[in-house]
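Read the figures in this text as sums done on the coordinates, not as results from a lab. It should be emphasised that the depicted structure is a prediction, and the values quoted were computed from it without experimental measurement. Glycine also receives a Cβ, built like all others from the backbone with ideal geometry; neighbour counts cover every protein chain displayed.
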Amino acid sequence: MRRQVSTPSAPAFAMETPACLHCGSRDAIALIEAPDFSTAASPPPRYAVVRCRQCGLAFTSPRPAPEAIAGVYSEHYGPHQDRQAGGSRRRRSGWSRWMAVLRGRRQVAWQGDGRLLDFGCGAGSFLRKMYEDGWSVTGLDASPAMVEQIRRRWGLRALAGSLPHPELLPESLDVVTMWQSLEHVHQPLDVLREARRLLAPGGKLIVAVPNIDSRPFRRFGVDWYGLDLPRHLTHFTPATLRGMVERAGFQVERVRMVSHASWLQSSAVRAMQHGRGRPPDQLLTFRSVCRLVAWWQVLCGSSDAMTLTARVAPSS
């Protein structure tokens with residue numbers, strides 16, 4: 001079902017009300033409604049997240065239709081920014097992204113000569129580091145500008161679009177990584193199934209996504225940094241992420257929590273700015289405190305984000 005909506009500062013764009021992205025049910029209940037904090041519109045448009053009564057998956061509904069989704073990404077969208085330019089604020093956010101790159105390299109291998117696809121590669125930081133470690137790399141991103149930048153700046157193979165992609169062949173890859181990208185696609189199960197088709201026997205899938213079953217979400221609600229409506233279309237828990245990956249044909253090895261002090265800090269700052277913070281939240285506006293709290297949440301199994309690793313069954 002589709003309809004047209006408009007905001008005071010944006011032209012009308014198409015919206016759709018999807019069935020559950022995992023099981024196809026249309027039996028869903030409201031979970032939360034929150035504004036788009038990235039827009040200049042006043043008041044900002046609000047979007048709803050619902051939860052499927054059948055399988056528990058949470059997803060944005062209504063949501064921007066595929067042909068309209070580019071309109072909700074600003075030119076200043078974080079993953080598309082130049083990592084090597086800018087002032088202190090950009091350097092701080094850049095530190096968080098480089099830490100994510102290092103975590104990702106440890107998930108795969110420090111050295112390798114395999115074939116790797118980074119789905120949702122953004123400006124290509126992880127792609128470049130893996131290439132330097134000896135991997136044959138391909139980047140895939142919905143932004144043609146990012147793809148062109150990667151090709152021009154580093155001479156690496158990068159493709160515009162999503163999965164499936166006509167230039168990617170069955171069993172042509174050893175690793176597929178999805179760093180904070182699966183939550184952005186309209187049909188995540190289809191994307192995972194295509195990743196399964198592209199991986200050779202024994203191939204590895206790594207998926208990192210926000211965790212809506214986290215202490216920060218329960219504490220901050222509409223101000224939670226990991227919500228990012230309407231760009232985040234699916235909102236995973238450890239159970240729903242595992243269930244969808246298994247349904248796509250993978251053997252899940254592990255789901256682990258990931259520390260994101262910068263997310264926790266951003267959530268607290270937003271809550272305080274909008275008058276929804278409590279006195280203890282003021283402490284979380286300091287990065288040193290956030291680092292300690294973020295690691296404690298990892299130990300408790302309830303942090304902002306999570307990473308799943310899975311395999312394709314080897315040939316018998």
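Rounded to the nearest 0.05, what FRET efficiency do GLN187 and ARG254 give with R0 = 30 Å and r taken as the Cβ-Cβ distance? Could you check? Don't skip to the end; give the middle numbers.
Working: r = 25 Å, r/R0 = 0.83.
E between GLN187 and ARG254, to the nearest 0.05, is 0.75.
Placing a label point 7 Å from the Cα of ALA70 along the Cα-to-Cβ direction, none of the residues of the stretch 24-47 has a backbone N under 16 Å of that point. Placing pseudo-labels 7 Å out from each Cα toward the beta carbon at ARG247 and GLU132 gives an inter-label distance of 4.0 nm.
In loop segments of the stretch 110-139 as defined by DSSP, the chymotrypsin sites (Phe, Trp or Tyr not before Pro) with at most 15 further C-beta atoms inside 10 Å of their C-beta are TRP110. Note on the stretch 228-253 and the stretch 124-158: Cα centroid distance 25 Å, given to the nearest whole angstrom. Between ARG26 and HIS165, the modelled label-to-label distance comes to 3.5 nm, taking each label 7 Å out from Cα in the direction of the beta carbon.
Label separation (ARG287 vs ARG151): 3.6 nm, computed from points 7 Å beyond Cα along the C-beta direction. At an R0 of 25 angstrom, the distance between the Cβ atoms of ASP113 and CYS300 translates into a FRET efficiency of 0.05.
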